[in-house]
Amino acid sequence: MTRISSTNPAKIELHLHLEGAAPPAFIRGLAKEKHIDIGGIFDEDGNYKFTDFWDFLRVYEAATLPLKSPQDFHRLTLAVLEESARNGVVYTEAFISPDFCGGRDIGAWKEYLHAIREAADIAQAQMGITLRGIVTPIRHFGAAKARETARCAAETAGDWVVGFGIGGDEKSGHLSDFKWSFECAREAGLRLTAHAGEWGGPESVRSAINDLNVERLGHGVRAIEDLALVDEIVEKGIVLEVCPGSNVALGLYPGIRQHPINALHERGVKVTVSTDDPPFFHTTMQKEYENLADAFDWDDGFFAQLAKASLDAAFCDADTKARLQKTLEQAHA
Ligand code: ADE
Ligand code: ZN
């Protein structure tokens, strides 16, 4: 068993859903404050309760119901970043959805975004963690809503909203339905990623690459089922946002040792490590690191390289990367 230093520092996270990172106690408290009934989404220990991926999506959406104002998202952002910083994360890219932030109205979206960014500024000053946003339509809400989301993204693209992605039910519709939205976001200067190769097989990964022109893949791990596709991913330098704890918790793989992250890495794929929706999956970045160290003998040196590769794949600007590069060098010295 490889031991990594308990304070394993300076982690870079590229795949985190802002609402999916909401601590259950935070959502419960907000629902109580607002007298909102969000149904039986918690177990007897107060954790989120779901049976499979599709039930997870239902519980996820129920948990967003008390998040009704920019101020709520301000509080959420602070709570999420506090937990990430506690786990040694210095840079996070979070998926944020105009669907949950003002119902895709551009004026409302700007107010939500302002509140989230204010919280991010506080977290930067007080906790030394940097946040950037990836605007994300929800696939099972359909292509028409995704186009509205893309317009919100394009309106606010810049040095803070840096990317565009898509999450939600991978079995709903086809990724090519979202071509217009991705093209709109790309023309606005946003960098592209998409959830694929989680519940969809290699064909979903091919579609993300060929139809949407993504440079990163959310999960993407099922590419391992088609080695020619893996080679194409390597050749094109496409980066995988791998979330091992999420994949195991949702039953995609029976355990971390059966997870393909190490095999993908050994074949030359650029892999990164993230938590996806940490309280849902009882994980943190520190736990992900410890589990990977145990399962695959990844050591501190390996994690230092992983952080560097993750920063290279981040969607933020060059100045931010240079600053964070120094942070990584100091932390891993
Ligand atoms: N939204 C939040 N988590 C997700 C996941 N793991 N896959 C797809 N959509 C999501
Ligand atoms: Zn995700």
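Please compute the alpha carbon radius of gyration of the range 93-220, then divide it by the globular-protein estimate 2.2 N^0.38 Å. Two decimals is fine.
On the way: Rg = 14.3 Å, N = 128, 2.2 N^0.38 = 13.9 Å.
Relative to the rule-of-thumb radius for its length, the range 93-220 sits at 1.03.
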**OP:** Please report, in debye to the nearest 20, how large the charge dipole of the range 22-68 is about its Cα centre when each Lys and Arg carries +1 at its beta carbon and each Asp and Glu carries -1 there.
**Re:** 280 debye
Subject >> Percentage relative contact order, the chain, counting C-alpha pairs under 8 Å, at least six apart >> reply: 20 percent
**OP:** Count charges around residue 18 for me, please; just the other residues with Cβ under 11 Å from its Cβ, Lys/Arg as +1, Asp/Glu as -1.
**Re:** -3
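If the only charges are +1 at each Lys and Arg Cβ and -1 at each Asp and Glu Cβ, what is the size of the charge dipole of the chain around the Cα centre, to the nearest 20 debye?
460 debye
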Original post:
If you roll a 1.4 Å probe over the range 82-331 with all protein chains in place, what percent of the accessible area is carbon or sulfur?
Top reply: 46 percent
**OP:** Could you state, as a whole-number percent, how many of the C-alpha pairs of the range 82-331 are farther apart than 32 Å?
**Re:** 17 percent
**OP:** Calculate, for the chain, the solvent-accessible area per residue in square angstrom, rolling a 1.4 angstrom probe over the heavy atoms of the protein chains.
**Re:** 40 Å²
**OP:** Can you check what the net charge comes to around residue 158, using other residues whose Cβ is under 11 Å from the Cβ of residue 158 (Lys, Arg +1; Asp, Glu -1)?
**Re:** -1
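Cβ under 11 Å from residue 33's Cβ, residue 33 left aside: what net charge do those residues give with Lys, Arg +1 and Asp, Glu -1?
Summing Lys and Arg as +1 and Asp and Glu as -1 gives +4.
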Subject >> Rounded to 5, percent antiparallel among DSSP beta bridges of the chain >> reply: 5 percent
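Evaluate the relative contact order of the range 22-68 (contact order divided by residue number), counting alpha-carbon pairs under 8 angstrom at least 6 apart; express in whole percent. All intermediate terms of the calculation are to be shown ahead of the outcome.
Working: 36 pairs, mean separation 20.6, N = 47.
Relative contact order, the range 22-68: 44 percent.
Packing-wise, with mean Cβ within 10 Å as the measure, how do 245-256, 28-39 rank, highest first?
245-256, 28-39
The values are calculated or read from the model by the stated rules, or taken from the named source; none is laboratory data. No experiment lies behind these values; they were computed from the predicted model shown. In this analysis, Cβ positions are derived from the backbone assuming ideal geometry, glycine residues included, and neighbour counts consider all displayed protein chains. Note: accessible area is taken over every heavy atom of the protein model, side chains too, but ligands, DNA and RNA are not part of it. Shrake-Rupley method; radii C 1.70, N 1.55, O 1.52, S 1.80 Å.
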